[in-house]
């Protein structure tokens, strides 16, 4: 959750933790060479031997030079046996520190995520974060594009929830997906910019069994109808493009067209309904001002009659009129 | 050819190591009041080291002109109190946080989370209003949920032709409809309230259970079409009262080499209003006997009935497994079985008593009774995904993915050959329900090469094949080739670029499937038509110094539709978007930034305006017309963050702008002939512009206590031919336009000002 400590507050916390650690039996426990997954090597869990216990120097040594800034986060929970705090502290992720200390703080003698390729850095994180919503990370779309854990998250200096490097998901995702985020500022949009939803309300950036990194369901429709369940059906009378994918007609990120449609009605409907009589009628200004066909142009346009456009459960609903 | 010094310089540029080029913009979160913060450099509040929070209370005053509901949209900005409470307790044994926002208002939110020991818990209550319009009105009265009535006397006068009810021609537009005079203004809005909790518990280091429950209620009204004929269209305020309950549970077993998970998801949607019954604004009595042309001339029933979205459910069980192989190889896979179903009682063929007679049943025997009493609708889904990733060394790797998805519609066929159109006319032009089954096979193979330190080149191929029933192509397959390059971890520059080419081809084309629906044989539906697609994006971030970054991004796409015999429908669809942004944070007391983006969209579609066969018009190319839709959108964002504007004072300013110019240009021989007959007027462009300004100033008397003043300003201007105003009253919706009685809902301009005065306490 939110970590909003000012620098002086952090210093106070660190100092307090140092005192606690030095007088705690847990401090002695932390020095025991526990077979944690992280920091041994990226292939941890694949048969490599852990470093020797005498290669670890203990967190109190680390914080003589470095601010220990993960207290107050999930990584700092000693009550959870899987966290760095319950194991080797800083060295759970950064590896044994003796060489680094003996080398006068040589940064090349410690696991330094800033100098790593993101994919390589991620292999450390996934030695623990390899379950739940992170289980499909390896090989996912972001992982393939060299977007790593540390691209978006900061263990020591987060700005927002979930240890993000930005105050909000929208700001963070805009770093690469600016053209998508810009759609939030269009006349019709989901309530992301208002703060009621976030990018992760629909997407799991860590990998998903669904397409487009959608986090719920196995198709686009299943994802959308997890909230818009009234459109899930199944209906007696189905509308073919709806059964295919909601994005055939809608742009979920934002649109200047009503109902987040990709094009304005009736022209959107006329892309497919090229029949006879009123569907392919030329809807223009003369009809708009002189004919009852204006009801196909103004307001709800085609759906003022074909309201059940997502599917109808009425026996007489073949044309989505009822 | 690159000269050697330049090549070396480029290599040096790409090999320097730093994470700074990845810094995201630090602009404030939009549309949220900035949280309390003491100014930079001032003494921090001496809070307890692991307990902190804020009490942010105050008042809010809002004034608007135009459509106030559109200003609010998903927010409740009524004048009144303001509140934001946060509490966090952080120890090395547990984390606890609680939040409360805008207490007592329609957008209030509450949340609490606990993490400690072997598990975590999260709970929330979220209220999201959807404010459609403040300017709407309706002559219908909601007698009971789902039943809308109109004044009987008014309907009788309309039916008798004594007054204008629904204007039928331009002359009648000069006379206000009787319904305009009896319409009641109301605020068209709905509210979605969601309560949820979730949690996980680790029985051991290797075994975790997680689960959750969510209940979302939606109440209010939404605009809804409910019509009786081509010339009798109605837009009403549909009452909404539904609840969705979702539950999920999963058990996960993890070992260093792999993991296995089983899970279940259930969802139940319950619509408390199953049907809509509403009075006809054109008639007070049923046309008796029925008029075979009643669907086009308005001689129909006195009332209509339609089925609104049915209650339904979804259940899904899934399993996931992952295994780590040597060296640096991971295989994972998922399988999910899903069933979606609904079995709501079916409403009768019609509510019109004139049609429910032996005389009509004699001609339309199927209308005497329903084939079945309930929907019996059911879809089964099977989804399987297999991923393989190997990175045997630092220089290259492979990622492969296969996905199978089967959407199997098992709803028994329903014979709707004979049905009742608009509750007005029995017809035998219907058919059987269609089952749109979809089987998808997706394969993807990508190989990446780390050609230079911190630079990855990727090439890939993918196919996405759909087998469908009920469509004009029984199969369509996308073949995609892609290449991308990513240069990151560099102190000065980040480059991300990707290009994809996709070629879609359909097979098993059935012209009968097109023509059975009365369509032109040259029509191809764009979601399955042959298509060539080119897409590319480029992201370029330059960080000349640690305190500054400049971003340039470009995205472009081009879809071209065309295959054998493809003549009508969507023909092409192009888009380009570019953004330029700057963030500058020279010190801890100032940061600012700006971003400009422009999007351009163009699409072309073709149609033919004709009577059906055997009228020769149907095959006459002089009846063809085209539409080019061009939209240009500009976005601009500016922010300045001054955490030390003055002693004990911080300030923040944000400005956002977006506009759109959407043009619809008809062309072609049909347009020329209409124009020659004086029956074509080009549609005006649809334009809008939106401005938002936000300012926040906070002054802290002492580190814990301060005051804040905030000002929000928003202005939305719009010109849209599909929103009609009362003549002489710009901004007042006209509900009685040609061929319809509506609520007046539509995009309308507004201007809003909101001022906050806050008392801030930090602990």
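The values are calculated or read from the model by the stated rules, or taken from the named source; none is laboratory data. Quantities reported herein were computed from a predicted structural model and do not represent experimental measurements. Note that we place each Cβ from the backbone using ideal geometry, even for glycine, and neighbour counts take in every protein chain shown.
Being over 28 Å from residue B:349 (Cα atoms), free of Cβ contacts under 8 Å to residues at least 24 places away in the same chain, surrounded by fewer than 21 Cβ atoms within 10 Å (Cβ to Cβ) and under 25 Å from the mean Cα position of the chain (by Cα) is the requirement here; does residue A:262 meet it? Lay out the reasoning, then the answer.
On the way: over 28 Å from residue B:349 (Cα atoms): yes; free of Cβ contacts under 8 Å to residues at least 24 places away in the same chain: yes; surrounded by fewer than 21 Cβ atoms within 10 Å (Cβ to Cβ): yes; under 25 Å from the mean Cα position of the chain (by Cα): yes.
Here the answer is yes, as residue A:262 does meet what is asked.
Inside segment B:77-194, counting only strands (runs of 3 or more DSSP E) that do not spill past its ends, which hold 2 or more residues that are surrounded by 17 or more Cβ atoms within 10 Å (Cβ to Cβ)? Explain how you work it out, then say what you get.
On the way: elements: B:80-90, B:94-101, B:109-116, B:119-133, B:141-144, B:147-149.
Filter on segment B:77-194 gives B:80-90, B:94-101, B:109-116, B:119-133, B:147-149.
Does residue B:213 satisfy the criteria of being touching a residue at least 40 places away in the same chain (Cβ under 8 Å) and in a strand (DSSP E or B)?
Numbers: touching a residue at least 40 places away in the same chain (Cβ under 8 Å): no; in a strand (DSSP E or B): yes.
No.
Assuming residue A:139 fulfils every condition listed in (1) within 7 Å of chain B (Cβ to nearest Cβ); (2) without any contact (Cβ under 8 Å) to a residue 24 or more places away in the chain apart from one, which condition is it?
(2)
Give me the pairs: first residue in segment B:150-177 and more than 14 Å from chain A (Cβ to nearest Cβ) and under 20 Å from residue B:728 (Cα atoms), second residue modelled with pLDDT of 95 or more and crowded, with 16+ Cβ neighbours inside 10 Å, beta-carbon distance under 6 Å, and six or more apart or on different chains, which are they?
Close Cβ pairs satisfying both conditions: B:175/B:164.
Using the structure shown, decide if residue B:536 is in a strand (DSSP E or B) and out of contact with any helix residue (DSSP H, G or I) (no Cβ under 7 Å at 6 or more places or on another chain).
Values: in a strand (DSSP E or B): yes; out of contact with any helix residue (DSSP H, G or I) (no Cβ under 7 Å at 6 or more places or on another chain): yes.
The answer is yes for residue B:536.
Please tell me if residue B:672 is part of a helix (DSSP H, G or I) and either free of Cβ contacts under 8 Å to residues at least 40 places away in the same chain or under 28 Å from residue B:596 (Cα atoms) (or both).
Values: part of a helix (DSSP H, G or I): yes; either free of Cβ contacts under 8 Å to residues at least 40 places away in the same chain or under 28 Å from residue B:596 (Cα atoms) (or both): yes.
For residue B:672, the condition - part of a helix (DSSP H, G or I) and either free of Cβ contacts under 8 Å to residues at least 40 places away in the same chain or under 28 Å from residue B:596 (Cα atoms) (or both) - is met.
Residue B:754 - would you say it is more than 12 Å from chain A (Cβ to nearest Cβ) and touching a helix residue (DSSP H, G or I) at 6+ places or on another chain (Cβ under 9 Å)?
For residue B:754, the condition - more than 12 Å from chain A (Cβ to nearest Cβ) and touching a helix residue (DSSP H, G or I) at 6+ places or on another chain (Cβ under 9 Å) - is met.
Test residue B:255 against the stated conditions and say whether it is surrounded by fewer than 16 Cβ atoms within 10 Å (Cβ to Cβ), more than 23 Å from residue B:122 (Cβ to Cβ) and at pLDDT below 95.
Working: surrounded by fewer than 16 Cβ atoms within 10 Å (Cβ to Cβ): yes; more than 23 Å from residue B:122 (Cβ to Cβ): yes; at pLDDT below 95: yes.
Yes; evaluated as a whole, the condition is true for this residue.
For residue B:102, state whether it is within 13 Å of chain A (Cβ to nearest Cβ), over 23 Å from residue A:78 (Cα atoms), within 29 Å of the chain's Cα centre (by Cα) and in contact (Cβ under 8 Å) with a residue 12 or more places away in the chain. Lay out the reasoning, then the answer.
Values: within 13 Å of chain A (Cβ to nearest Cβ): yes; over 23 Å from residue A:78 (Cα atoms): yes; within 29 Å of the chain's Cα centre (by Cα): yes; in contact (Cβ under 8 Å) with a residue 12 or more places away in the chain: yes.
So residue B:102 fits the description; yes.
Does segment B:717-726 include one or more residues that are part of a strand (DSSP E or B), more than 30 Å from residue B:281 (Cβ to Cβ) and within 14 Å of chain A (Cβ to nearest Cβ)? Don't jump to the end; show me each part of the working.
Just the residues of segment B:717-726 that are part of a strand (DSSP E or B), to begin with: B:717-719, B:725-726.
Filter once more, keeping what is more than 30 Å from residue B:281 (Cβ to Cβ): B:717.
The next check asks that each one be within 14 Å of chain A (Cβ to nearest Cβ); those that pass are B:717.
Yes, that holds for at least one residue.
When you look at residue A:228, is it surrounded by fewer than 22 Cβ atoms within 10 Å (Cβ to Cβ), more than 7 Å from chain B (Cβ to nearest Cβ), within 22 Å of the chain's Cα centre (by Cα) and within 22 Å of residue B:310 (Cα to Cα), yes or no? Quick ask: steps written out before the conclusion?
Details: surrounded by fewer than 22 Cβ atoms within 10 Å (Cβ to Cβ): yes; more than 7 Å from chain B (Cβ to nearest Cβ): yes; within 22 Å of the chain's Cα centre (by Cα): yes; within 22 Å of residue B:310 (Cα to Cα): yes.
For residue A:228, the condition - surrounded by fewer than 22 Cβ atoms within 10 Å (Cβ to Cβ), more than 7 Å from chain B (Cβ to nearest Cβ), within 22 Å of the chain's Cα centre (by Cα) and within 22 Å of residue B:310 (Cα to Cα) - is met.
Conditions (1) in a strand (DSSP E or B); (2) more than 10 Å from chain A (Cβ to nearest Cβ); (3) at pLDDT 95 or above, marked per residue:
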residue	(1), (2), (3)
B:429	no, no, no
B:436	no, no, no
B:442	yes, no, yes
B:445	yes, yes, yes
B:461	yes, yes, yes
B:465	yes, yes, yes
B:482	yes, yes, yes
B:489	no, no, no
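Restricting attention to segment A:156-169, and to residues there that are more than 7 Å from chain B (Cβ to nearest Cβ) and in contact with a helix residue (DSSP H, G or I) (Cβ under 6 Å, 6 or more places away or on another chain), which single residue is surrounded by the fewest Cβ atoms within 10 Å (Cβ to Cβ)? Explain how you work it out, then say what you get.
The first filter runs over segment A:156-169 and keeps only residues more than 7 Å from chain B (Cβ to nearest Cβ), leaving A:156-164, A:169.
This time we only want the ones that are in contact with a helix residue (DSSP H, G or I) (Cβ under 6 Å, 6 or more places away or on another chain), so: A:164, A:169.
Working: A:164: 18, A:169: 23.
For segment A:156-169, the residue satisfying everything is A:164.
Is it true that residue B:237 is touching a residue at least 60 places away in the same chain (Cβ under 8 Å), in a strand (DSSP E or B), within 7 Å of chain A (Cβ to nearest Cβ) and under 30 Å from residue B:173 (Cβ atoms)? Lay out the reasoning, then the answer.
Values: touching a residue at least 60 places away in the same chain (Cβ under 8 Å): yes; in a strand (DSSP E or B): yes; within 7 Å of chain A (Cβ to nearest Cβ): no; under 30 Å from residue B:173 (Cβ atoms): yes.
It is false that residue B:237 is touching a residue at least 60 places away in the same chain (Cβ under 8 Å), in a strand (DSSP E or B), within 7 Å of chain A (Cβ to nearest Cβ) and under 30 Å from residue B:173 (Cβ atoms).
Inspect all residues belonging to segment A:259-270 and state whether any of them is more than 21 Å from residue B:527 (Cβ to Cβ), in a loop (DSSP other than H, G, I, E, B) and at the interface with another protein chain (Cβ under 7 Å from one of its Cβ atoms).
Filtering segment A:259-270 down to residues more than 21 Å from residue B:527 (Cβ to Cβ) leaves none.
The answer is no; no qualifying residue exists.
Kindly state which strands (runs of 3 or more DSSP E) lie completely within segment B:240-324 and contain at least 1 residues that are at the interface with chain A (Cβ under 8 Å from one of its Cβ atoms).
Values: elements: B:258-271, B:275-279, B:303-307.
The qualifying strands (runs of 3 or more DSSP E) are B:258-271, B:303-307.
Here are some conditions: (1) assigned to a helix (DSSP H, G or I); (2) buried (at least 24 other Cβ atoms within 10 Å of the Cβ); (3) at pLDDT 95 or above; (4) within 34 Å of the chain's Cα centre (by Cα). Residue A:243 meets all but one. Which one does it not meet?
(3)
Could you run through segment B:602-622 and say how many residues are at the interface with chain A (Cβ under 9 Å from one of its Cβ atoms) and surrounded by 16 or more Cβ atoms within 10 Å (Cβ to Cβ)? Let's see the steps before the verdict.
Step one: of segment B:602-622, the residues at the interface with chain A (Cβ under 9 Å from one of its Cβ atoms) are B:603, B:605-613, B:615, B:617-618.
In the following step, the residues that additionally are surrounded by 16 or more Cβ atoms within 10 Å (Cβ to Cβ) were identified as B:603, B:605-610, B:618.
The qualifying residues number 8.
Okay, residues lined up against (1) under 30 Å from residue B:513 (Cβ atoms); (2) within 11 Å of chain A (Cβ to nearest Cβ); (3) modelled with pLDDT of 95 or more:
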{"position": "B:535", "(1), (2), (3)": "yes, no, yes"}
{"position": "B:559", "(1), (2), (3)": "yes, no, yes"}
{"position": "B:565", "(1), (2), (3)": "yes, no, no"}
{"position": "B:591", "(1), (2), (3)": "no, no, no"}
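May I ask you to list the residues in segment B:217-240 that are over 20 Å from residue B:188 (Cα atoms) and in contact with a strand residue (DSSP E or B) (Cβ under 7 Å, 6 or more places away or on another chain)? Give the steps one after another, and end with the answer.
In the first step, residues of segment B:217-240 are kept if they are over 20 Å from residue B:188 (Cα atoms); the result is B:228-232.
Passing the criteria: only B:228.
If you take the residues in segment A:285-316 that are over 39 Å from the mean Cα position of the chain (by Cα), without any contact (Cβ under 8 Å) to a residue 12 or more places away in the chain and not in a helix (DSSP H, G or I), which one is nearest to the other protein chains (Cβ to nearest Cβ)?
A:316
Going residue by residue through segment B:687-701, is there one that turns out to be away from every other protein chain (no Cβ under 14 Å) and either closer than 30 Å to residue B:598 by Cβ or within 30 Å of the chain's Cα centre (by Cα) (or both)?
Checked against the condition, which is being away from every other protein chain (no Cβ under 14 Å) and either closer than 30 Å to residue B:598 by Cβ or within 30 Å of the chain's Cα centre (by Cα) (or both), segment B:687-701 yields at least one hit.
Taking the criterion of being in a loop (DSSP other than H, G, I, E, B), buried (at least 22 other Cβ atoms within 10 Å of the Cβ) and touching a helix residue (DSSP H, G or I) at 6+ places or on another chain (Cβ under 6 Å), would at least one residue in segment A:232-239 satisfy it?
No, every residue in segment A:232-239 fails to be in a loop (DSSP other than H, G, I, E, B), buried (at least 22 other Cβ atoms within 10 Å of the Cβ) and touching a helix residue (DSSP H, G or I) at 6+ places or on another chain (Cβ under 6 Å).
Which residues, counting only those in segment B:681-699, are farther than 27 Å from residue B:635 by Cα and either in contact with a helix residue (DSSP H, G or I) (Cβ under 7 Å, 6 or more places away or on another chain) or at pLDDT below 95 (or both)? Outline the logic, then answer.
Keep residues of segment B:681-699 that are farther than 27 Å from residue B:635 by Cα, which gives B:681-682, B:698-699.
Scanning segment B:681-699 gives B:681, B:682.
Yes or no: residue A:65 in contact with a helix residue (DSSP H, G or I) (Cβ under 6 Å, 6 or more places away or on another chain) and either surrounded by fewer than 22 Cβ atoms within 10 Å (Cβ to Cβ) or over 23 Å from residue B:458 (Cα atoms) (or both)?
Details: in contact with a helix residue (DSSP H, G or I) (Cβ under 6 Å, 6 or more places away or on another chain): no; either surrounded by fewer than 22 Cβ atoms within 10 Å (Cβ to Cβ) or over 23 Å from residue B:458 (Cα atoms) (or both): yes.
The answer is no for residue A:65.
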